[in-house]
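I am attaching a structure below and will ask some questions about it afterwards.
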Amino acid sequence: MLRRVLLASVVLCAAAASATSFAGAPLVVSVWGGNWKDTIERVVAKPYTAQTGIPVEFEVGGTLDRLAKARVAKGAPLVDVTFTTSHVARLYASDGLLEKLDLAKLPASKDLAKEAFRSEHAIGGWAYVYTIAYRADQVKTPITKWADLWRPDLKGKIAMPDFDPSHIITISALLEGGNEKTWEKGQERLRRLKPSIAAFFSTDARSQDLMKTGEAPVEVMLSINAFHLREQGMPITIVEPADKPGILGIDVATVMAGGQKTKNAYEFVNMLLSKDVQEQLAAGFKAGPTNMKAGVPASLKGQPGVFATPAEWKERGYIIDDETRATLLPKWKEWFNANIVAR
């Protein structure tokens with residue numbers, strides 16, 4: 001009898017110790033590195049830990065690298081919350097990697113722009129655009145629209161991303177009366193742009209370096225990076241194109257399916273979406289908040305990628321259909337590499 005009592009005590013103590021250990025386990029957040037991770041840590045993670053007592057750790061890496069890791073860990077995810085692009089979130093969801101979001105557990109979501117609800121698995125945290133940015137000290141004739149990229153004076157001066165050519169492929173199609181679903185309409189126009197392209201980039205750092213050195217003083221650029229360079233004192237003009245809007249991007253937060261800290265993950269995402277945190281994210285990233293009650297710094301009002309009203313969300317940015325983008329991106333990259341990148 002004594003042995004049974006002792007055994008039961010040992011089991012109970014072990015269970016208590018395990019529960020205590022689990023309760024103190026960190027929430028793990030997957031995000032890009034550099035300024036992305038640093039800003040999320042400062043603006044969301046540290047206040048979250050102060051409020052809940054739960055530490056936050058980060059997994060950092062590229063968009064598709066982190067997706068590959070998540071696929072390997074399916075069923076026993078190594079992270080609890082993942083930040084990714086809205087179209088790549090479709091790939092996570094199609095592989096069964098994401099929790100279907102329960103909006104009742106995200107009360108802050110009631111104040112979001114409707115465009116922030118990217119799918120039943122992903123919710124937008126901030127907005128930006130890919131648009132034209134250029135150095136006003138090296139480009140004397142102002143660029144005011146997408147069609148200006150085809151001007152003869154810009155030959156050998158343009159840089160654009162090669163890891164995701166969705167933006168320029170869609171713009172080329174739109175200028176020819178098509179869209180992302182009829183992207184072939186823009187192929188010939190895009191071929192005509194090839195002599196104007198000086199370089200391609202695969203990272204934010206390379207994008208900014210090309211602008212800093214003047215190797216490519218005109219870029220199809222992430223507005224957040226352009227604002228960052230402007231803040232450093234560079235004479236960067238960020239264009240609100242007059243012919244077609246900038247290509248709007250919305251980075252999303254997701255809760256991983258099968259995680260051990262789902263409740264805490266929801267709390268973290270809800271904090272992300274709250275008015276106060278959204279205001280800090282807008283100032284930190286130089287991006288647009290998705291919470292429509294969040295204010296933005298005066299210097300950002302009316303700027304590309306920053307939308308303050310439902311009408312601005314609709315009129316000042318073009319959203320590529322996420323499902324189409326996720327499905328066609330491999331085909332787009334193959335065509336782009338063969339016809340535009342290849343010399």
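The values are calculated or read from the model by the stated rules, or taken from the named source; none is laboratory data. Just so it is clear, the model here is predicted, and its values are computed rather than measured. Reconstructed Cβ throughout: ideal geometry from the backbone, glycine too, with neighbour counts over all protein chains shown.
Take the residues in the stretch 304-342 that are touching a strand residue (DSSP E or B) at 6+ places or on another chain (Cβ under 7 Å) and not β-branched (Val, Ile, Thr), then tell me which one is nearest to residue 239 (Cα to Cα).
Going through the qualifying residues, I end up with 304.
Pull up the stretch 136-154, narrow it to residues that are over 26 Å from the mean Cα position of the chain (by Cα) and polar (S, T, N, Q), then point me to the one that is nearest to residue 229 (Cα to Cα).
So the residue we want is 138.
From 95, 80, 65, 102, which residue is within 22 Å of residue 328 (Cβ to Cβ), at pLDDT 95 or above and among the charged types (D, E, K, R)? Working first, answer last.
Working: 80 fails: within 22 Å of residue 328 (Cβ to Cβ); 65 fails: at pLDDT 95 or above; 102 fails: within 22 Å of residue 328 (Cβ to Cβ).
On inspection, the qualifying residue turns out to be 95.
Would you say residue 237 is over 25 Å from residue 322 (Cβ atoms) and of a type in the set (Ser, Thr, Tyr)? Let's see the steps before the verdict.
Working: over 25 Å from residue 322 (Cβ atoms): yes; of a type in the set (Ser, Thr, Tyr): yes.
In short, yes.
Name, by its number, the condition in (1) touching a helix residue (DSSP H, G or I) at 6+ places or on another chain (Cβ under 7 Å); (2) touching a residue at least 40 places away in the same chain (Cβ under 8 Å) that does not hold for residue 127.
(1)
So, of the residues in the stretch 172-208 that are within 28 Å of residue 307 (Cα to Cα), assigned to a helix (DSSP H, G or I) and of a type in the set (D, E, K, R), which turns out to be farthest from the chain's Cα centre (by Cα)?
181
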